[in-house]
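Please treat every number below as a calculation from the coordinates, not as lab data. Fair warning: this is a prediction, and the values are worked out from it, not measured in the lab.
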Amino acid sequence: MQLSIYTKNPHVKAISHLLAKNPATVYERQVKGHAVRFVYHKMTDDELHASIFVTPDSLALVKENEAFDITHYINDREFAVSTIFLSLIRSALGTALNGKPKEEYITYASMEFPFTFEFGPISSSLSDEEIQNLWEPLGYDVTFDTMTAAKRARFLTLSNNITLKMALQQIFILIPVMDDYKHYFIDEAERERLQHYGQGWLENHPMRDFIYKKALRFKQLFFNEENEQKVEKPSLNTHRYETIARAVAAFKPKTVIDMGAGEGKLSMLLAQMNTISKLYSVDPSNHALAKMEKRFADKQFATTPIIKWGSLYYEDKEFTEADVFILCEVIEHIDEERLPQIMQLITQNYTPKHLIITTPNAEYNTVYKLEDMRHDDHRFEWDRKQFEAWCIAVAPNYDLQFEGIGSVHEQYGAPTQMCIMTRRDSHAI
């Protein structure tokens with residue numbers, strides 16, 4: 001996977017400073033086990049041709065930071081220009097992406113050059129026409145080099161008179177739109193990145209809504225349907241965490257397990273409760289654990305979260321008899337046939353007094369105008385009847401309470417559905 005940059009202009013030597021790469025040397029770094037290289041094929045007084053490319057380690061795609069990630073699987077990621085490729089080259093191109101070279105070259109950051117960019121292969125279900133409609137309104141001439149008759153793997157060549165910063169930011173937004181797979185969870189950071197890189201061009205793009213939908217999967221995070229204006233309101237994630245936290249607070253628990261804690265945002269709220277004496281923030285991903293450590297550093301808590309590696313596929317005696325066990329947006333990332341075993345572990349081995357489960361409401365996808373699931377890693381998404389029937393079947397010794405989270409649609413309900421399970425015995429709080 002590679003991205004090439006070409007231009008012919010009397011000021012091309014300044015571009016090497018915008019890129020912060022010395023033409024006399026090969027830039028080479030190891031990023032998450034993959035080799036990232038930046039090389040100049042040609043550098044003269046008026047012509048520049050350079051490439052940044054990744055030599056992937058196929059094993060590194062499922063080790064290092066994701067060593068214990070229960071959701072990884074093998075696919076075409078080691079070959080395709082994708083979100084993984086962008087994440088690996090982002091640091092190398094950071095100076096150019098942000099338009100912040102050394103002060104003596106800052107004027108060149110706002111100078112337009114006749115650039116040609118080539119990248120690929122891109123694996124996309126979009127047609128040539130749909131891809132052209134993404135780039136041509138921005139002033140690009142687009143050509144394709146198709147590898148197969150099915151056009152599943154294509155190289156793109158884009159030509160435009162544009163600043164390097166703007167071109168790279170557009171590339172970093174539109175490659176994920178073309179890509180059929182995102183390797184990371186979509187969160188507030190992705191929304192902020194889209195706003196930052198899209199400043200000055202995305203708001204007026206004729207394919208704006210399509211770009212938002214493909215990049216974030218939730219147009220409502222950005223627009224009010226009546227006037228299409230940007231609105232400031234809490235995200236669904238925030239609403240979900242706050243709803244769970246209120247439910248937990250009502251139980252006045254001493255021990256809480258936040259299983260699949262991710263970056264630790266829910267745990268941050270729970271850690272403010274002075275009734276909790278032990279709060280386990282658990283995740284099977286080392287990458288997520290590292291993010292939690294960074295998020296929790298130097299924070300003041302009523303109860304400091306215990307960051308711990310853990311998986312629903314392995315029993316951990318420390319989790320037995322917890323007051324509250326939480327699965328926030330976890331079950332949909334697990335194959336359905338494995339769920340009974342996992343629920344048996346929780347309800348019969350761990351036997352928490354309360355179990356809180358949230359998962360997407362598939363009916364609400366119609367409101368989001370989604371034709372498929374909300375995240376590429378979701379193994380399933382249930383409607384409300386399916387979720388309720390499943391909860392009844394897997395927790396026969398628990399009383400169940402169902403609740404919707406988020407803006408309620410008259411026909412389709414709320415975007416998130418939650419079940420609070422309370423164990424049927426005199427020891428429940």
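What ratio of Cα Rg to 2.2 N^0.38 Å holds for region 310-429?
Details: Rg = 14.8 Å, N = 120, 2.2 N^0.38 = 13.6 Å.
Computed over Cα atoms of region 310-429, the ratio equals 1.09.
Any of LYS214/LYS385; LYS13/LYS100; LYS317/LYS353; LYS8/LYS42; LYS21/LYS102 with alpha carbons more than 20 Å apart? Name them for me.
Working: LYS214/LYS385 28 Å; LYS13/LYS100 16 Å; LYS317/LYS353 16 Å; LYS8/LYS42 11 Å; LYS21/LYS102 12 Å.
Those over the limit are LYS214/LYS385.
Mind jotting down the three principal axis lengths of region 228-329 based on Cα atoms? Whole angstrom, largest first.
For region 228-329, the Cα spread along each principal axis is 51, 31, 28 Å.
I'd like the distance between the alpha-carbon centres of region 269-309 and region 20-46, rounded to an integer number of Å.
39 Å
Could you give log10 I(q)/I(0) at q = 0.17, 0.20, 0.24, 0.25 Å⁻¹ for region 268-323, computed by the Debye formula over C-alpha point scatterers of equal weight, without solvent?
Cα-only, vacuum Debye calculation for region 268-323: -0.59, -0.79, -1.04, -1.08.
For q values of 0.12, 0.14, 0.26 Å⁻¹, compute log₁₀ I(q)/I(0) with the Debye formula on a Cα-only model of region 323-375, without solvent.
So the normalised log intensities are -0.36, -0.47, -1.04.
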